[in-house]
Amino acid sequence: MRIFVLAALFAARLYAAGDIDEAFQRLYNFNFPAAHAVVDTHIAAHPEEPFPYAVRAAAYLFYELDRLGLLEGEFFTDDDRIAAKRRLKPDPATRVKFNQAVADAQARAQKVLTVRPDDRDALFTMCMTQGMVTDYLALVEKHQIRSLNTAKLSNSYAQRLLRADPQFYDAYLSTGISEYLLGSLPFFIRWFEHFENVQGNKDQGIRNLKLVAERGHYMRPFAKILLGIAYMREKKPRNAEQVLAELTQEYPQNPLLRKELLKVQAVLRQ
């Protein structure tokens, strides 16, 4: 009887993972209503799980970043575009929903961590949600300095997760972002900021992102998006073209990826 129970639990976990995979597939195709529909159905069946609430938060965050044009390559490489985007206003309703999803995810994750401090799903939920709050503060609300605190927390949870499981490749996204971010900060800011196990090495940051792009699961496409941006900042458009071409094949319904690929190809023709 116990074997049948274990088999049923294993099958349920696989089905649950399939739900989340489908939600991310729709998310990366920028079909946000469809992503929410999958997540909502999963949460209704598994309300105690932390990670699906983090996926819900991701859908709100990506929607807002896309609405404000903050995922376009020029935003990250052109200072004039960054200044122009400061005039755009966050959507208050989306902010409330995003913050609630983050709070729901973190409350459940912390509850798990009090019992199982090395729980991988709970640690990744904390890592991911702190990273998303960092993105929201820095990109949407333009509080770049304030966002460093949540960036540190995201990196700290990633370091804990990697100590528990060095092959949890999605966690290297946070460490890679931390390396690249710290390496890009002015020296006088970097002098006062300390990220656990992070030296501020931009090359190491790119290596970590490449690891996620090659071996990650949920974060693999996002790592490729960040790699494309990093390559353009580092004046390597051919590398950016490669990762964007891969992404457009994997997510053909995403109009932003096609648009960015065409821009990079135009640069290469110059």
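The values are calculated or read from the model by the stated rules, or taken from the named source; none is laboratory data. All values reported here derive from a predicted model rather than from experimental measurement. All Cβ positions, glycine included, derive from the backbone under ideal geometry; neighbour counts span all protein chains shown.
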**Item:** Whichever residue in the stretch 31-80 is outside any helix (DSSP H, G or I), surrounded by 19 or more Cβ atoms within 10 Å (Cβ to Cβ) and at pLDDT 95 or above and, among such residues, is farthest from the chain's Cα centre (by Cα)
**Value:** Glu49
**Request:** Could you please find all residues in the stretch 225-270 being in contact (Cβ under 8 Å) with a residue 60 or more places away in the chain and of a type in the set (S, T, N, Q)?
**Result:** Gln253, Asn254
**Request:** Among the numbered conditions (1) under 21 Å from Leu70 (Cα atoms); (2) modelled with pLDDT under 95, tell me where Lys152 comes up short.
**Result:** (1)
**Asked** Does any residue of the stretch 194-202 turn out to be at pLDDT below 90, touching a Gly at 6+ places or on another chain (Cβ under 8 Å) and closer than 22 Å to Thr125 by Cα?
**Response** no
